[in-house]
Amino acid sequence: MVRDDQQALWYLETAGYYRLSGYFYPFRCLPEPLVVNGKAQRQPRLSEFIAQSSFDAVASLYRFDNELRLLALSAIEKLEIAIRAKIAHYLAEKDPSAHLNAELMHVKFRAPILDDVGNAAPSNYEVWLQQHSKLITRSKEDFVKHFRDKYEPPIPIWVSIEVWDFGLLSHFFNGLNDIDKAAIASFFGLSRFVLLASWLRSISHLRNICAHHSRLWNRALIDNPKPPGRNEIPLLEHLMGDPHDRTHVYGTLAIMQFLLVKTGFENAWADKLKSLVGTFPVLSPAATLHAMGFPEHWDKLALWNLPKE
């Protein structure tokens, strides 16, 4: 049902049919169940829409998703800056050019990669260095220009790290020696660095989705965060439950909230998320908070009601 032709046309012209079609999907009818050898088979939705579906409902879901992406990016910005600062401060005490010091990298990260016939390809570290060099070379930042004009190379880590994107930052952390990863992870209240390595990849993946203005609200995320072990992080223990919560947007939002609190930010972001999710337009049996991975009564969990540390 289209109540306002002009409004519908405006959305189609400014967002495009292909982008909007992802928001049509939850309003399309389900086919009759198909069972093969006793197992239900997943099938695409039909072209027909559920009764009482409207373009207004699609537009509401589209606007909600846009607000969710913007809110996620606001948290990612804070975390990205804080994580850069922690890594730079810690490593600079070891070596001002720590990012260029192969001895600080894990042996697997700097080892050549052999193909099936024994030919050596560049190591992950060498590939990382190439990407780092490109970012430094292309940078138009005043602080990079200032360093080039006033000092001899190489550019120290506390300068270089400011031009890395989140993906490069995540790869760098993952490539460090275990002892240094553990020390950095401890700044965020984590006793195992594998958690922070996984979480950085998840946040980087989420950031890329948001930066490309892609549909987020019910998306199954490829890089979902590793859950803590039992009794390891009580605030996040609920992520050990239904894997659906962790593999959709809720799981990454939850670990972002944990890191924000551990970094010392106030709980304003959690309040904004609760407020936004409270406006979620439940307009279809498939357009629900569960589709986003949000567990029942999620907003009552201690994680979302913490004071600043």
Return one number: the angle in degrees, 0 to 90 and rounded to the nearest 10, between the long axis of the Cα atoms of helix 5-15 and the longest principal axis of the Cα atoms of the chain. 20
For the chain, what does -39500 (n - 2.57) per DSSP helix run (n ≥ 4), summed and divided by total residues, give at 222 nm, in deg cm²/dmol to the nearest 500? -16000 deg cm²/dmol
Other-chain or far-sequence residues with amide H under 5 Å of Arg28's (modelled H): Ile50
What do you get for the angle between helix 268-277 and the principal long axis of the chain? Use alpha-carbon atoms, 0 to 90 degrees, nearest ten. 30
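How high is the FRET efficiency between Asn208 and Glu237 when r is their beta carbon distance and R₀ equals 30 Å, given to the nearest 0.05? Each step should come with its number before you reach the end.
Working: r = 28 Å, r/R0 = 0.94.
Efficiency, from the Cβ-Cβ distance: 0.60.
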Gap separating the Cα centres of the stretch 172-232 and the stretch 233-263, nearest whole Å: 11
Apply the Karplus parameterisation 6.51 cos²θ - 1.76 cosθ + 1.60, with θ equal to phi minus 60°, to every residue of the stretch 244-257 and state each ³J(HN,Hα) to the nearest whole Hz, in sequence, with x for glycine and proline. 4, 4, 7, 8, 10, 4, 4, x, 6, 4, 5, 6, 5, 4
Near Lys274, which aspartates and glutamates are there with a Cα under 12 Å away, not counting those fewer than 8 places off in the same chain? Asp299
Would you mind telling me which residue in Ala183, Ala121, Ala98 has the biggest mean-square fluctuation in a Gaussian network model of the chain, where springs connect alpha carbons within a distance under 10 angstrom? Ala121
Just subtract the alpha-carbon distance of Leu276 and Gln6 from 0.36 nm times their residue separation and send over the number in nm, one decimal. 94.5 nm
Looking at the chain as a GNM with Cα springs under 10 Å, which of Glu77, Glu126, Glu13 has the largest mean-square fluctuation? Glu13
With N set to the residue count of the stretch 103-179, report its C-alpha Rg divided by 2.2 N^0.38 Å to two decimal places. 1.28
What lysines does Lys181 reach when the alpha-carbon gap must be under 29 Å and sequence neighbours fewer than 8 apart in one chain are set aside? Lys78, Lys86, Lys94, Lys108, Lys134, Lys226, Lys262, Lys308
Backbone N within the stretch 109-143 under 14 Å of label point (7 Å from Asp149 Cα along the Cβ vector): 140-143
Of all C-alpha pairs within the chain, those more than 37 angstrom apart amount in percent to 29
Could you work out how far helix 166-175 tilts from the main Cα principal axis of the chain, as a 0 to 90 degree angle to the nearest 10? 50
Using θ = phi - 60° and the Karplus relation 6.51 cos²θ - 1.76 cosθ + 1.60, list the HN-Hα couplings for the stretch 129-137 in order, rounded to whole Hz, with x at every Gly or Pro. 4, 4, 5, 4, 4, 4, 5, 5, 5
Tell me, what HN-Hα J-couplings in whole Hz come from the Karplus equation 6.51 cos²θ - 1.76 cosθ + 1.60 at θ = phi - 60° for each residue of the stretch 66-82, using x for Gly and Pro? 4, 5, 5, 4, 5, 5, 4, 4, 5, 6, 4, 4, 4, 5, 4, 5, 5
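Every read-out reported here was derived from the displayed coordinates using simple, explicitly stated rules and does not represent laboratory data. Just so it is clear, the model here is predicted, and its values are computed rather than measured. As a convention, Cβ positions derive from the backbone with ideal geometry for all residues, glycine included, and neighbour counts pool all protein chains shown.
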